[in-house]
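Input: a single structure, listed below in structure tokens.
The values are calculated or read from the model by the stated rules, or taken from the named source; none is laboratory data. As the structure is a computational prediction, the values presented were derived from the model and not from experiment. Positions of Cβ are generated from backbone atoms using ideal geometry, with glycine treated the same way; all protein chains shown enter the neighbour counts. The area values use the complete protein model at the heavy-atom level, side chains included, leaving out ligands, DNA and RNA. Shrake-Rupley method; radii C 1.70, N 1.55, O 1.52, S 1.80 Å.
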Amino acid sequence: MASTSPTPPWNVDQLPRADGRVFLITGGNAGIGYFVAEQLSATGATVVLGSRNPVKAETAMASIRARVPGARVRAVRLDLADLSSLEAAVESLNIEHLDAVVHNAGVALDNPPREETSDGHELMFGTNHLGHFALTRWLMPLLSAAPAARVVTMGSFAAKSERLDLDDLQSRKDYRPKRTYGRSKLAQMYFGVELDRRLRSAGSTVASVVVHPGGALDSLTPSRPPVHVRTTAARLGAAPAALLVQGKHAGAWPAVRAVLDPAVRGGQLWGPRHFGLRGEPRREPLWNHLTDPTLAAQLWDTSCDLTGTDLSAFAGRIGHI
Ligand SMILES: NC(=O)c1ccc[n+]([C@@H]2O[C@H](COP(=O)([O-])OP(=O)(O)OC[C@H]3O[C@@H](n4cnc5c(N)ncnc54)[C@H](OP(=O)(O)O)[C@@H]3O)[C@@H](O)[C@H]2O)c1
């Protein structure tokens, strides 16, 4: 009788090779995105950092090259807060196909006043959700040209307790920075799930996966000078927090797994093992409110209107709209 060999457990320190594949990481110059880029560079893949700051991108690339001999890393200028720049940013990638994009870049404001992008959208909703929504449209031909590409959207645990207000997506009536941030991440997660639903209905080879990093603190993150420098005082001061949360190197693990693990499927949610806050990446049940297809479809339509882009040509329309 033929025996099926069990799938080996995922090892964050022993990633499968990905030679010949091309991955784009938005906000790859800092924080979690930097570590996603560093870890993926070690697989032999070509890794492109999407960054709004060329100096920071150069610094990040130098750090990756110093740690990963032979790393194939490069950068493109990408500002998600400027929707009109995204088509040209994708053209400047100058590639034939894209095997995965990690929608990682994000902005989180702690205090008022409410700010807007150059397009007049609330800054967090406009950058985190609308920027990635529009970017996906321009990337779709390159993703479709790969054999089995993935769109990996970085959500947040902060979105678990939030609900969307479709009448005030831009927080014009009621602006509370933490809530607006959480809702922008929730919008991204709805998008990730809805995108996969539409890709499946269109028979696409592209899959969309949602991940979140748990709680990821700079003070628990190993130094990568000059990209990130952790002082001894910061490290010692953060030791108790390590019981609950983790560093940004570990916050990168769910996204890296979602890019590389053949067992990961579209429409799934992946996050850290321990209370969704820290630890090895594992699959989580989709949060209840994320399974609402009507709300997701309404958000999709509104996002098409607000960005002036129509993803439907690539990702298909489905029954409920
Ligand atoms: N850290 C956490 O505990 C945590 C928890 C849940 C979810 N997340 C999510 O994880 C992702 C990364 O978080 P992080 O903690 O690593 O944040 P971070 O250290 O502040 O890094 C954010 C990255 O996004 C980039 N970015 C911001 N606005 C941009 C724009 N308009 N265009 C292009 N890039 C832009 C930043 O570029 P600059 O360097 O130029 O500013 C930077 O590279 C975010 O999506 C965040 O919402 C983080």
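Brief remarks on what is shown
- Accessible surface of the chain [probe 1.4 Å, protein heavy atoms]: carbon and sulfur percent: 52 percent
- Among Thr136, Thr180, Thr205, residue whose mean-square fluctuation peaks in a GNM of the chain (springs only between Cα atoms under 10 Å): Thr205
- On a per residue basis, the chain carries 44 Å² of accessible surface, using protein heavy atoms and a 1.4 Å probe.
- Sequence-distant residues sharing a close amide H with Ala207 (under 5 Å, placed H): Ala149, Arg150, Val151
- Burial order of peptide ranges 273-280, 125-132, 111-118 (average beta-carbon count within 10 Å, highest first): 125-132, 273-280, 111-118
- Unit charges at the beta carbon, dipole of the chain: most positive-side option, Thr307, His129, Ser208: Ser208
- The eigenvalues of the Cα gyration tensor, multiplied by 5 and square-rooted, give the chain an equivalent ellipsoid with semi-axes of 27, 24, 21 Å from largest to smallest.
- For a modelled paramagnetic label at Glu115, 7 Å from Cα along Cα-to-Cβ, the residues of the stretch 126-155 in reach, with backbone nitrogen under 18 Å, are 126-132.
- Here is how the number arises for the chain: DSSP H runs of 4 or more residues each give -39500 (n - 2.57), the sum is divided by the residue count, and the result at 222 nm is -10000 deg cm²/dmol.
- By DSSP, the beta bridges lying fully in the chain are antiparallel in about 20 percent of cases.
- Spatially proximal aspartates and glutamates relative to Lys248 (Cα-Cα < 12 Å; intrachain offsets below 8 disregarded): Glu38, Asp218
- Of the DSSP H helices in the chain, those that are both long (alpha-carbon extent of 15 Å or more along the helix axis) and hydrophobic (Kyte-Doolittle mean at least -0.5) are 31-41, 54-67, 132-144, 293-307.
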